[in-house]
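What follows is one structure encoded as structure tokens, with my remarks underneath.
The values are calculated or read from the model by the stated rules, or taken from the named source; none is laboratory data. Not measured: the values here are computed from a predicted model. FYI the Cβ positions are ideal-geometry reconstructions off the backbone, even for glycines, and counts take in every protein chain you see.
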Number of protein chains: 2
Amino acid sequence: MLCSLSSSIRQTVNRKMSFKFLENNYTKGSTEPEKKPGVARIFSFQLCPYAERVLLVASAKSFNFDLVNVDLANKPEWLFEKNKFGLVPVLELEDGNLLHESLIIADYIDEATDADHKLHPQNLFEKYRQKLFVQEFATAYPQFIAKLKSGSDDIDVTKEVENFIRFFESELSQRNTRFVGSNESPQMVDYMIWPFVERLPAVISLGTQIKNWEQHLSENAPLILKYMQAMKEDPAVKQNLFSPDTHIDFLLSVRERFRK
Amino acid sequence: MLCSLSSSIRQTVNRKMSFKFLENNYTKGSTEPEKKPGVARIFSFQLCPYAERVLLVASAKSFNFDLVNVDLANKPEWLFEKNKFGLVPVLELEDGNLLHESLIIADYIDEATDADHKLHPQNLFEKYRQKLFVQEFATAYPQFIAKLKSGSDDIDVTKEVENFIRFFESELSQRNTRFVGSNESPQMVDYMIWPFVERLPAVISLGTQIKNWEQHLSENAPLILKYMQAMKEDPAVKQNLFSPDTHIDFLLSVRERFRK
């Protein structure tokens, strides 16, 4: 099992990995950028799925903010003043008040902005059912990154991925709507799970023995593929999207870093 | 360390443990009780802190429900139809719709009832700051039950308990309010953390080398003791309260069960 994985990884590891767009991130030793008066800030890292949740909601709600990207591998010292755990995302409000945790920031932004376009459903039971689904989705999603960070070549998660695909496909088939939350447009639940759906091709490519993720999904989980296509048409998703190849390259670079 | 613990445990283990009030709980093989039309139900277990969260909010909001207590050691088969994980609390709405997870049910009940008396603060930032505190509290609270369930005599959690007491005392001193959430009456944050504060005497008595929890708190954490006194005057808390001795006896019975 290890060998076939290693070979599939070797195919991709030879691709030149360059993340030019990460080079200007604030890093260790940097000075904290000056805060513009009257504007909130979001501290983020471009390839963090939790930060992406917040950026999706901020985009969808036209929330006005300054973006401060940090280097998570060499965190600036002042990041720990924003969140003692040194994690992103962090939301810094106009008055300097701070919130962290993606689900909390996402709900805050939704509640604080544009009352006519709430991302949670109006129906109260449906709202809380969707919050439960986000938790259930997080539990079912293959715990891939932790395995990758172990630095081992053996990051086979085939069984986990197959269970997850079955779980999510069945959920989509029961709901029978264009998005998880509704037919019209993505709702909070969609933005909370999307960053992980976006990474599913990378997880399939790197962590399983399946060679072609698109073919595998079209044969085994056509509703997931359809959902991905629908989500990619959403302006907020488009604005924050990276390709499967970028996710693959980034995850490989994470593994390399943890190997050192 | 193990010896002194064992001896302190022996002092309490000889007390006759009887939980008459648990004897009528629905158990394996039982028939699900009939649902009264138009009334919600809460599936609970009297000594589960997560279920207590929900009962506190239901009491504080005068939420109308039928209580169904189950035997968690011998779960009725029909409990898994209410929640596939067989956990409590579960809220079953009038129309049969189901919600689980204590924080989700608590927020649902608060939002669904008595708009003039919301348990979350009106100030949006404060609301989400309190949600963060509930998470932080849960992380800081000694992971006591898991250790107890290991069945070992060595359940020393002195260091964890001391760190937790420092953390919570410092939080109360910064807030400088009668309750965590406000001066007037307990808010959502208070009801979410209370079940664990209520069990703190039991955790101190069973899991540390400290002989007298009340004296220890009055010397080292007077604000926690004051907070406990204030909370015990609240009608919702009064209605759902068990004594430190009951918690001690119950936790010992949990350990005995896991030893078998």
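Among the residues of the range B:237-260, is there at least one that is aliphatic (A, V, I, L, M), surrounded by fewer than 22 Cβ atoms within 10 Å (Cβ to Cβ) and more than 22 Å from B:F21 (Cα to Cα)? For the range B:237-260, residues aliphatic (A, V, I, L, M), surrounded by fewer than 22 Cβ atoms within 10 Å (Cβ to Cβ) and more than 22 Å from B:F21 (Cα to Cα): absent. Could we say that B:E52 is surrounded by 14 or more Cβ atoms within 10 Å (Cβ to Cβ), away from chain A (no Cβ under 14 Å) and part of a helix (DSSP H, G or I) here? Here the answer is yes, as B:E52 does meet what is asked. Would the range A:9-23 turn up any residue that is among the charged types (D, E, K, R), at negative phi, in a loop (DSSP other than H, G, I, E, B) and modelled with pLDDT of 95 or more? No; the residues of the range A:9-23 include none that is among the charged types (D, E, K, R), at negative phi, in a loop (DSSP other than H, G, I, E, B) and modelled with pLDDT of 95 or more.
Tell me, yes or no, whether the range B:158-176 has at least one residue that is assigned by the TED database to the domain that holds B:S253, at pLDDT 95 or above, buried (at least 20 other Cβ atoms within 10 Å of the Cβ) and touching a Lys or Arg at 6+ places or on another chain (Cβ under 7 Å). Scanning the range B:158-176 turns up no residue that is assigned by the TED database to the domain that holds B:S253, at pLDDT 95 or above, buried (at least 20 other Cβ atoms within 10 Å of the Cβ) and touching a Lys or Arg at 6+ places or on another chain (Cβ under 7 Å).
Among the residues of the range B:61-78, those identified as in contact with a helix residue (DSSP H, G or I) (Cβ under 7 Å, 6 or more places away or on another chain), in a loop (DSSP other than H, G, I, E, B) and among the hydrophobic types (A, V, I, L, M, F, W, C) are B:F63, B:A73. The set of residues in the range A:128-152 that are within 30 Å of B:E92 (Cβ to Cβ) and either aliphatic (A, V, I, L, M) or outside the structural domain of A:V189 (by the TED database) (or both) comprises A:L132, A:V134, A:A138, A:A140. B:E219 - would you say it is acidic (D, E) and crowded, with 16+ Cβ neighbours inside 10 Å? No; evaluated as a whole, the condition is false for this residue. Of the helices (runs of 4 or more DSSP H) lying entirely inside the range A:79-160, those carrying at least 2 residues that are at the interface with chain B (Cβ under 9 Å from one of its Cβ atoms) are A:102-112, A:124-140.
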